[in-house]
Structure formats: C-alpha cells, structure tokens
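Structure record follows, encoded as structure tokens.
The values are calculated or read from the model by the stated rules, or taken from the named source; none is laboratory data. Just so it is clear, the structure is predicted and the values come from calculations on it, not from any experiment. Cβ atoms come from the backbone with ideal geometry, glycine included; neighbour counts cover every protein chain shown. Side chains included, ligands, DNA and RNA excluded: accessible areas come from the protein's heavy atoms. Shrake-Rupley method; radii C 1.70, N 1.55, O 1.52, S 1.80 Å.
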Amino acid sequence: MLEKLNAVYEKFNGIEEKLALPDTLSYMNEYKRLMRERKEILSVYEKFTEYKRVLQNIEDAKEILEKGV
C-alpha cells in the first residue's frame with residue numbers, strides 16, 4: 001500500500017513540475033490533461049503528505065524523549 005501511495009506522491013510531484021514549465025501553457029490539451037490528473041489524485045496526495053508529516057512528528061517526539069529534553 002505504501003508503494004502505491006509513494007507512486008501517487010511521485011506522480012503528483014511530476015505533474016506539478018510539468019505544470020510549472022512555461023511550454024505547458026502553450027499546449028492547452030496537455031495542460032488540461034495534467035490539471036485533470038492533478039485534480040484526481042490531489043486528495044490522496046494531501047492525505048499521504050499529512051501521514052508522512054505525522055510519522056516525522058512521531059520520530060521527532062521519540063528523539064526528544066530519548067534525549068530527555
């Protein structure tokens with residue numbers, strides 16, 4: 001499952017990179033396709049990003065507890 005989520009995460013980032021290119025706006029069909037794809041996976045991307053942030057917060061909290069700070 002995490003592999004699939006990572007794939008969606010990478011795909012979303014790839015779409016964002018393509019959308020940032022100036023040439024993309026020159027090709028309206030490509031732009032529309034990318035925006036549709038982006039919209040389809042946005043909620044999964046956001047939830048997975050939140051999940052990754054929570055995991056990082058847990059690791060940070062464990063580190064603080066181990067140091068006794």
The condition of being within 18 Å of the chain's Cα centre (by Cα) and either at positive phi or part of a helix (DSSP H, G or I) (or both) holds, among Glu16, Glu30, only for Glu16
Checked segment 33-69 for anything open to solvent by 70 Å² or more (accessible area, probe 1.4 Å) and outside any helix (DSSP H, G or I); matches are Val69
Subset of segment 10-30, residues surrounded by 11 or more Cβ atoms within 10 Å (Cβ to Cβ) and of a type in the set (Gly, Ala, Ser), comes to Gly14
